[in-house]
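Visitor: Quick one: structure below, then a few questions.
The values are calculated or read from the model by the stated rules, or taken from the named source; none is laboratory data. Predicted model only: the values in this text are computed from it and were never measured. Ideal geometry is used to build each Cβ from the backbone, glycine not excepted, and the neighbour counts take in all protein chains shown.
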Amino acid sequence: MPHDTQHAETTHSAEDDPRNADIQIYVDGVLKHRDDAKVSVYDSGFMLGDGMWEGMRLYNGKWAFFDEHMDRLFDSCRAVSLDIGMDRAGVAEALRMTAAANGMTHDVHCRLMVTRGVKIHPFQHPKLSQSGPTMVIIMEHSKPVSTLQAKGIRLATVPQVRGLPMSQDAKYNSHSKLNCVIACLQAEQAGADEGLMLDPHGFVNTTNACNFFIVRKGQVWTSTGDYCMNGVTRQKVIDICKSEGIPVFERNFSLVDAYGADEAFLTGTFGAQTPVAEIDGRAIGTNGGRGPIFQRIRDAYAALVQANTQ
Ligand SMILES: Cc1ncc(COP(=O)(O)O)c(C=O)c1O
């Protein structure tokens, strides 16, 4: 199928905002215009993908689910012996400085990145990073494109699968996203927007950039969580279902179940919940993947974000 460039939107497509041309970026405590913000070619993040990151959103001057994002960041850095060089309060202060320098308070997306830092030689060994971590914070004025909710995302199941946790655990939000990038390329080459990835046993797991949910006969299903990113939004959706009395199951399911779903949607910090209109050329449900359960969850999530950022 030729790629339809007219439909080429992803869950991370944002409205154009000219203010982003002149943003200030935090690089190791110093704020620099985006054109001047640079890291060394010896940086372990550039050289090896040896670093961790978080995507977060700022509303009303507050970071949504800040503690949950910090839990994930500090846990994964600890697991790979990457010393962030500051505590949570230090990270909060770096974020505050960056937001203040940009005059940003609302509808902001941030990518907070921490790497093992600059190496003394261009080789792999972590001990070659001897001058402390590199921290970069990019904040942009950012709103998901408004058309996406009506149009939905088209997924293609891709040959690239999620790995077992003893290779590179999918719970690492590492700088190296090559597994996901390959999946995304395969999806695009199949004429879709995003790749639907299976686990090593062939069960439906997640997409290359978001967590994946289906709705069948009033029940919400998502993967067991064993092979996917432990998404903050994924957990919030599960919690919302429990508090709203919507039956929710973290379970194995196959493409047969996904193709026959009444509704399907993706979750992620940037886009919250995005409907899935199509999987492998098959339309999902009767309304572009949307339906009453999706809408209930989306509304409840919006209320939760609002309550969390008041
Ligand atoms: C592969 C993948 N899945 C899912 C997510 C969504 O996670 P969250 O809801 O915490 O943004 C991300 C975000 O970083 C991701 O990289």
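Visitor: Of all residues in region 11-38, how many are in the same structural domain as A94 (by TED's automatic domain parsing) and either crowded, with 19+ Cβ neighbours inside 10 Å or in a strand (DSSP E or B) (or both)?
Guide: So the count comes out to 9.
Visitor: Please go through region 166-204 and give me each residue that is outside any loop (DSSP other than H, G, I, E, B), near the ligand (Cβ under 10 Å from one of its atoms) and farther than 16 Å from H12 by Cβ, ordered by number.
Guide: If the condition is that a residue be outside any loop (DSSP other than H, G, I, E, B), near the ligand (Cβ under 10 Å from one of its atoms) and farther than 16 Å from H12 by Cβ, then S174, N179, M197 are the ones that fit.
Visitor: Further question on the same structure: Within region 48-56, is there a residue that is out of contact with any strand residue (DSSP E or B) (no Cβ under 8 Å at 6 or more places or on another chain), buried (at least 19 other Cβ atoms within 10 Å of the Cβ) and among the hydrophobic types (A, V, I, L, M, F, W, C)? Please lay out each step first, then the result.
Guide: Just the residues of region 48-56 that are out of contact with any strand residue (DSSP E or B) (no Cβ under 8 Å at 6 or more places or on another chain), to begin with: 48.
From the residues that got through so far, the ones that are buried (at least 19 other Cβ atoms within 10 Å of the Cβ) too are 48.
From what's left, among the hydrophobic types (A, V, I, L, M, F, W, C): 48.
There is at least one residue in region 48-56 that is out of contact with any strand residue (DSSP E or B) (no Cβ under 8 Å at 6 or more places or on another chain), buried (at least 19 other Cβ atoms within 10 Å of the Cβ) and among the hydrophobic types (A, V, I, L, M, F, W, C).
Listed here are the residues, each with its yes/no results for (1) surrounded by 14 or more Cβ atoms within 10 Å (Cβ to Cβ); (2) assigned by TED's automatic domain parsing to the domain that holds E54; (3) in contact (Cβ under 8 Å) with a residue 40 or more places away in the chain.
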{"position": "M166", "(1), (2), (3)": "no, no, no"}
{"position": "N179", "(1), (2), (3)": "yes, no, no"}
{"position": "A183", "(1), (2), (3)": "yes, no, no"}
{"position": "Q186", "(1), (2), (3)": "yes, no, no"}
{"position": "G191", "(1), (2), (3)": "yes, no, yes"}
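Visitor: Now a separate question. With respect to M97, determine if the residue is at pLDDT 95 or above and over 22 Å from S44 (Cα atoms). Spell out the reasoning first.
Guide: On the way: at pLDDT 95 or above: yes; over 22 Å from S44 (Cα atoms): yes.
Taking the combined requirement at face value, the residue satisfies it.
Visitor: Is there a residue being touching a Phe, Trp or Tyr at 6+ places or on another chain (Cβ under 7 Å), over 24 Å from A307 (Cβ atoms) and of a type outside the set (F, W, Y) anywhere in region 57-76?
Guide: The answer is yes; a qualifying residue exists.
Visitor: Inspect region 58-68 for any residue being over 30 Å from A303 (Cβ atoms) and not small (G, A, S) and give the result as yes or no.
Guide: Step one: list which residues in region 58-68 are over 30 Å from A303 (Cβ atoms), which gives none.
No: zero hits.
Visitor: Can you find a residue that is over 30 Å from G289 (Cβ atoms) and either surrounded by 15 or more Cβ atoms within 10 Å (Cβ to Cβ) or not assigned by TED's automatic domain parsing to the domain that holds Q24 (or both) anywhere in region 139-149?
Guide: The first filter runs over region 139-149 and keeps only residues over 30 Å from G289 (Cβ atoms), leaving 139.
From what's left, either surrounded by 15 or more Cβ atoms within 10 Å (Cβ to Cβ) or not assigned by TED's automatic domain parsing to the domain that holds Q24 (or both): 139.
Checked region 139-149: at least one residue is over 30 Å from G289 (Cβ atoms) and either surrounded by 15 or more Cβ atoms within 10 Å (Cβ to Cβ) or not assigned by TED's automatic domain parsing to the domain that holds Q24 (or both).
Visitor: Yes or no: region 146-159 includes at least one residue that is in a strand (DSSP E or B), at pLDDT 95 or above and under 19 Å from H33 (Cβ atoms). Spell out how you get there, then give the answer.
Guide: To start, the set of residues in region 146-159 that are in a strand (DSSP E or B) comprises 153-157.
Then keep just the ones that are at pLDDT 95 or above; that gives 153-157.
This time we only want the ones that are under 19 Å from H33 (Cβ atoms), so: none.
No, region 146-159 contains no residue that is in a strand (DSSP E or B), at pLDDT 95 or above and under 19 Å from H33 (Cβ atoms).
Visitor: Looking only at region 209-256, which residues are of a type in the set (S, T, N, Q), more than 10 Å from the ligand (Cβ to nearest atom) and crowded, with 17+ Cβ neighbours inside 10 Å?
Guide: Looking only at region 209-256, we keep the residues that are of a type in the set (S, T, N, Q), and these are 211, 219, 222-224, 230, 233, 235, 243, 252, 254.
With the extra rule that they be more than 10 Å from the ligand (Cβ to nearest atom), the set shrinks to 219, 222-224, 243, 252, 254.
Selection gives T222, S223.
Visitor: In this structure, is K217 over 22 Å from F294 (Cα atoms) and of a type in the set (D, E, K, R)?
Guide: Values: over 22 Å from F294 (Cα atoms): no; of a type in the set (D, E, K, R): yes.
No.
Visitor: Do we find that I153 is closer than 27 Å to T274 by Cα, touching a Ser or Thr at 6+ places or on another chain (Cβ under 6 Å), assigned by TED's automatic domain parsing to the domain that holds S81 and touching a residue at least 40 places away in the same chain (Cβ under 8 Å) in this structure? Full working, then the answer.
Guide: Numbers: closer than 27 Å to T274 by Cα: yes; touching a Ser or Thr at 6+ places or on another chain (Cβ under 6 Å): yes; assigned by TED's automatic domain parsing to the domain that holds S81: no; touching a residue at least 40 places away in the same chain (Cβ under 8 Å): yes.
Spelling it out, it is not the case that I153 is closer than 27 Å to T274 by Cα, touching a Ser or Thr at 6+ places or on another chain (Cβ under 6 Å), assigned by TED's automatic domain parsing to the domain that holds S81 and touching a residue at least 40 places away in the same chain (Cβ under 8 Å).
Visitor: Take the residues in region 278-308 that are within 13 Å of L196 (Cβ to Cβ) and surrounded by 22 or more Cβ atoms within 10 Å (Cβ to Cβ); name whichever of them is farthest from the ligand (Cβ to nearest atom).
Guide: Quick first cut of region 278-308, residues within 13 Å of L196 (Cβ to Cβ) only: 278-282, 284, 289.
Now restrict to residues that are surrounded by 22 or more Cβ atoms within 10 Å (Cβ to Cβ): 279, 284, 289.
Numbers: I279: 17, I284: 19, G289: 18 Å.
Filtering region 278-308 for residues that are within 13 Å of L196 (Cβ to Cβ) and surrounded by 22 or more Cβ atoms within 10 Å (Cβ to Cβ), the one farthest from the ligand (Cβ to nearest atom) comes out as I284.
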